[in-house]
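Here the structure is laid out as structure tokens; the discussion comes afterwards.
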Amino acid sequence: MLELVNVCKSYSSAAGDVPILANVNLALEPAQSVSIMGPSGSGKTTLLNLMGGLDKPTSGRVMLEHKNLTLLRNGELARLRNSCIGFVFQLHYLLPQCTVLENVLLPTLAVHQSRPEKDHAFKRAIDLLERTGMRAYADARPGELSGGQRQRAAVVRALIQKPALLLADEPTGSLDADTADQIADLLLELNQSESVTLVIATHSEKLAGKSQRRFQLKKTALTEIGVNSR
């Protein structure tokens, strides 16, 4: 459902082009869980941004469900991201003036919805909040939540549109060890129950060890380093 073909990415600097990724090839199946490890500055975030259509490669192709993201116009790309891709970041990026439920429903406001569609989105939001232990906090604002609760709300928001692909960039990086384990287990449980392909960029070997496939990004190259059966 996701394929990267000979993807290269470089940035211009005063000293010339700086390569970040070189000839990255990757093919992921639906509902797989994948972790990408690598030192800071190795290009993990850049790689996830390319997968999610937030950036375009210098060369190569990024294919999501047979669509070439590199050829889509900005409007088409924005619609595809909203409907097919969920993002979870190290920081939750919840709107402080909105309740948890309002934050979760924000992605659904990007397109016109009929009354039945709005009702369905509301029911799905409540269901996801229930499944993630956040139902009691639906009317709370982010400032009233713990770090782990905010991240759970961010995960629910990322899943509200039933995306085919969920990209998580250091989702446990700002959390304590116990809370990080809980968020990691939540992501992997939802990966299976929602049948969503999960890609996690992480420094945590413990988190990476829980995913089905593990990759190492180092010196512009992406190498598969392990396969787990789950």
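The values are calculated or read from the model by the stated rules, or taken from the named source; none is laboratory data. These numbers come from a predicted model, not from an experiment. With ideal geometry, Cβ positions are generated from the backbone for all residues, glycine too; neighbour counts draw on all protein chains shown. The area values use the complete protein model at the heavy-atom level, side chains included, leaving out ligands, DNA and RNA. Shrake-Rupley method; radii C 1.70, N 1.55, O 1.52, S 1.80 Å.
Couple of notes before you dig in:
- Of LYS9/LYS218; LYS162/LYS218; LYS118/LYS210; LYS56/LYS218; LYS123/LYS206; LYS44/LYS67, pairs whose Cα-Cα distance is over 25 Å: LYS162/LYS218; LYS118/LYS210; LYS123/LYS206
- Counting only protein heavy atoms and a 1.4 Å probe, the chain has 48 square angstrom of accessible area per residue.
- Share of carbon and sulfur in the accessible area of the chain stands at 51%, probe radius 1.4 Å.
- Given charges at Cβ of Lys, Arg, Asp, Glu: the chain dipole, positive-most of LEU95, ALA15, SER146: ALA15
- At R0 = 25 Å, FRET efficiency that the Cβ-Cβ distance of LEU95 and ARG115 yields, to 0.05: 0.55
- With the simple model of a label 7 Å out from the Cα in the direction of the Cβ, SER83 to ASP17 spans 3.4 nm.
- Cα-based helix-to-principal-axis angle, 177-193 vs the chain, degrees rounded to 10: 90
- For segment 46-85, relative contact order (Cα pairs under 8 Å, six or more residues apart, normalised by length) works out to 32 percent.
- For the chain: rounded, prolate or oblate by the Cα gyration tensor [a/c cutoff 1.5]: prolate
- Under the convention that each Lys and Arg Cβ holds +1 and each Asp and Glu Cβ holds -1, the size of the dipole of segment 1-152 around its Cα centre is about 120 debye.
- Linear extension gain, GLU130 paired with SER59, 0.36 nm per residue minus alpha-carbon span: 21.3 nm
- Formal net charge of residues neighbouring THR220 (Cβ-Cβ distance under 15 Å; K, R +1; D, E -1): +3
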